[in-house]
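These notes concern the structure reproduced below.
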Amino acid sequence: MKKMLDIKKANIDKLKAEVSEKGKNITSVQPAIDEINKSLKAYGFTNFTIQPAKDKENHYCIERDDGTMATNTLSEGEETFLSFLYFMQQSKGSTDPNHVADKKIIVLDDPISSLDSTILYIVGAMVKELSKNIRDGIGDVTQLFVLTHNVFFHKEASFIDGQTKKVKDVNYWMIRKDNGISVITSYGMDNPISTSYELLWKELRDNDNLTMISIQNTMRRIIENYYGMLGNKKTNT
């Protein structure tokens, strides 16, 4: 039995070595570079590409068509979108051979700042697809947290099919900060967000901890939202 145990341990060590060796290929940045460049081209970012770094293994650089580095000339929106694409690729694996297949929990904290409406829609669609894959048990990501101040992004990322209002294992919370204290309200599977205008009125109705200053600011935003967006008017009152 001891001899058989030694043979089994030797086989395990051999398999571990093979997994580690194959993992070195999986952790290469080239697959991520190919996928990011494909996404950039598909979404209209054609004035730069991602290329493998020449001086560092498993690193990449951002190049213009003429071969110059674009690192310091990207707009804030381009930087944000590029970082998001790379992060999404990282969520599919790891640069560490020992953690390629590890289960992951992802937290996205307002990933759409400085993005125009088109890219905001694309990022929302990618987050929605990731959420669906998690529910279907596809991939190594087991849980996703999305935090955002943007009502439009929230609606895009949480949209299902126009008819289904609730999905199992999808829950909603709202975080409010009053007098320096953050309070989290759970809404279960009921999505509390409809439009920014309705959300402002909901803030007045449901929040019992509003101060006079908070009430004034919320009412000001309601008036600005009503006249500026719904009434297509500008007001200085």
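Taking amide H as placed 1.01 Å from N in the peptide plane, Asn58 has its amide H under 5 Å from the amide H of Val29, each at least 5 places away in sequence or on another chain. Here the 3J(HN,Hα) profile of region 167-176, calculated from phi with Karplus coefficients 6.51, -1.76 and 1.60 at θ = phi - 60°, is 10, 4, 6, 10, 10, 10, 9, 10, 9, 10 Hz, Gly and Pro shown as x.
Between Gln30 and Leu204, the contour length at 0.36 nm per residue exceeds the alpha carbon distance by 57.5 nm. Between the amide H of Val141 and those of Lys104, distances stay under 5 Å, these residues lying 5 or more places away or on another chain, with hydrogens modeled in the peptide plane. Note that region 31-43 has calculated 3J(HN,Hα) couplings of x, 5, 4, 4, 5, 5, 4, 5, 5, 4, 5, 5, 9 Hz, one per residue in order, obtained from phi through the Karplus relation 6.51 cos²θ - 1.76 cosθ + 1.60 (θ = phi - 60°); glycine and proline are x.
Throughout, read-outs are computed from the coordinates displayed, never taken from laboratory work. The structure displayed is predicted, hence computed values, not measured ones.
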